[in-house]
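Inspection log for the structure reproduced underneath, given as structure tokens.
The values are calculated or read from the model by the stated rules, or taken from the named source; none is laboratory data. Here the structure is a predicted model, which means the values were calculated and not measured. Here the Cβ positions follow ideal geometry from the backbone for every residue, glycine too, while neighbour counts run over all protein chains shown.
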Amino acid sequence: MSTSKNLPKTSDFPSSWTLTVSPPPSSQRPTNVLILLHGLGDAHLPFAQLGTQMNLPETACISIKAPEPLPFEASSFHWGDDVIFDNTVGTIDPDGGFKKVVPRLIKEVIEDTLIKKCGYQARELMIFGLGQGGMVALSTAVSMEQELGGIISVGGPLPNETPASLSPKRKTPILVCSGNDSPWVNSSVEAKLKAVFESVQLNRYKRSGDTMPRSRDEMYPIMQFFARRLKSSAGVPEGSVELTA
């Protein structure tokens with residue numbers, strides 16, 4: 001294992017992954033890594049822009065494209081084992097199972113590349129996921145015994161395949177953001193999160209919709225979470241919460 005941290009390069013990762021790496025702002029040291037996982041039916045480039053927008057100090061951002069294209073949608077991708085259509089609402093169920101992608105993400109991206117090749121500790125790695133990407137992020141934290149820096153899931157619950165509780169609970173701190181009437185992040189989901197993780201924070205918007213934050217107030221808890229969990233002497237720059245997506 002490397003004794004010093006190296007800024008990850010796309011060539012460090014297996015060629016089976018499509019991803020972008022954004023360095024920390026202003027040529028700062030890459031003390032932390034934030035892994036960005038997009039939602040169902042999207043791709044990695046918009047989330048790469050999000051990583052740059054957040055301007056997190058001493059933090060490299062890695063935006064990863066889900067490995068599977070949606071049927072008949074060559075430019076839209078998903079993280080699930082299967083594509084399950086929910087006929088009651090006429091959409092794809094985001095909980096398609098993640099038994100294939102999560103072990104690959106842990107071994108190939110986190111353990112083999114970021115920890116062994118680039119010299120990071122698990123505590124210096126955070127994951128931010130939207131929707132189905134948030135489910136993958138949470139499932140990754142469940143599957144790893146090591147404590148990660150933190151998980152932020154926007155509108156994504158724990159998958160059904162996750163055990164109802166764990167003993168001991170996982171130590172990775174969790175922040176879950178959702179609309180005030182979320183069908184995915186309800187009271188039973190909250191109870192399951194608290195039965196699996198030691199530290200769970202929920203941020204419910206004052207509006208409906210499990211979308212990315214749309215205002216300073218909605219983004220502020222996320223930036224507070226980063227400020228607490230990122231290893232950085234610079235702090236979170238003032239104005240970083242001014243984000244719309």
Scanning the stretch 152-170 for residues that are among the hydroxyl-bearing types (Ser, Thr, Tyr) and part of a loop (DSSP other than H, G, I, E, B), which turns out surrounded by the fewest Cβ atoms within 10 Å (Cβ to Cβ)?
Ser167
If you go through the stretch 91-128 one residue at a time, how many are polar (S, T, N, Q) and either in contact with a Lys or Arg (Cβ under 8 Å, 6 or more places away or on another chain) or at pLDDT 95 or above (or both)?
2
Against the condition over 28 Å from Pro24 (Cα atoms) and surrounded by 15 or more Cβ atoms within 10 Å (Cβ to Cβ), how does Glu68 come out, does it pass?
yes
Condition first: touching a strand residue (DSSP E or B) at 6+ places or on another chain (Cβ under 9 Å) and either under 12 Å from Val109 (Cα atoms) or modelled with pLDDT of 95 or more (or both). Now tell me which residues in the stretch 1-21 satisfy that.
Pro8, Lys9, Thr10, Asp12, Phe13, Trp17, Thr18, Leu19, Thr20, Val21
Per-region count, the stretch 177-223, residues among the small types (Gly, Ala, Ser) and surrounded by 17 or more Cβ atoms within 10 Å (Cβ to Cβ)
3
Would you say Asp12 is more than 18 Å from the chain's Cα centre (by Cα), acidic (Asp, Glu) and over 20 Å from Val136 (Cα atoms)?
yes
Extreme residue, nearest to Leu125 (Cα to Cα), among residues of the stretch 58-101 that are part of a loop (DSSP other than H, G, I, E, B) and free of Cβ contacts under 8 Å to residues at least 12 places away in the same chain:
Phe72
When only residues in the stretch 171-187 that are part of a loop (DSSP other than H, G, I, E, B) and hydrophobic (A, V, I, L, M, F, W, C) count, which is nearest to Gly97 (Cα to Cα)?
Trp184
Matching residues in the stretch 125-144 - criterion: being small (Gly, Ala, Ser) and in a strand (DSSP E or B)
Gly129
Which condition number does Glu68 fail, the rest of (1) at pLDDT 95 or above; (2) in contact with a His (Cβ under 7 Å, 6 or more places away or on another chain) being met?
(1)
